[in-house]
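Heads up: the structure comes next, in structure tokens.
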Amino acid sequence: MDEMMQTEGADRGVYELGFLLSPSITEEKLPEGFGALKDAIVGKGAIAISEEFPRLMTLAYTMEKTINNKIERFTEGYFGWIKFELPGGEVQGLDAALRLRDDVIRHLLISTVRENTIAAKRGFGVRRRPKSAETKDAAPEMSKEEIDREIEALVDDPTAAA
């Protein structure tokens, strides 16, 4: 049994699916729609690692998808993502199944790493220290003669060697 688990895990990759669900799904039905999408992924043999529940967003541009032989246009949608582990041979089948779903406007399926890759949010611009702080931290300028005198004083001082 351990052998089977090792060989099964050997060809498994870590993937992340970013998806945009149709805004025609009501807020009340959204957990059900998201659950159906997760079930489709798990049905292919995936093991979920992490996820973000979809939330409604305004899209940067109008997206189109043909649903029931009619072009539907979307200006908003529910964006979410799921990170999961899946046997490599199942990836193309999952991608094809997602293309056929009417509730998925668009999706992006990428290979990734198991570790958390979400960067912390930072403010815009570069933060710089004020000039006064920079001059406080800087060493005072000394001439070569002053440096030599300091070194001689340290070498000649018997308490400095202890």
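Coordinate-derived values only; no laboratory data. Since the model is a prediction, treat every value here as computed from it, not as a measurement. Quick reminder, even Gly has a Cβ in these numbers, built from the backbone with ideal geometry, and neighbours come from all protein chains shown.
Summary table below
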read-out	value
Contour excess over end-to-end distance, with Cα ends at L100 and W81 and 0.36 nm allotted per residue	5.0 nm
Estimated Rh, region 2-111: Kirkwood, alpha-carbon pairs, angstrom	14.8 Å
Separation in nanometres of the label points that stand 7 Å from Cα toward Cβ, at E28 and L56	1.5 nm
Cross-link reach list, aspartates and glutamates versus K65, counting only Cα pairs under 15 Å and skipping chain neighbours closer than eight places	E76, D102, D103
Mean Cβ count within 10 Å, highest first, over the residues of peptides 74-82, 51-59	74-82, 51-59
FRET efficiency for A40 and I147, using Cβ-Cβ distance with R0 set to 45 Å, rounded to 0.05	0.05
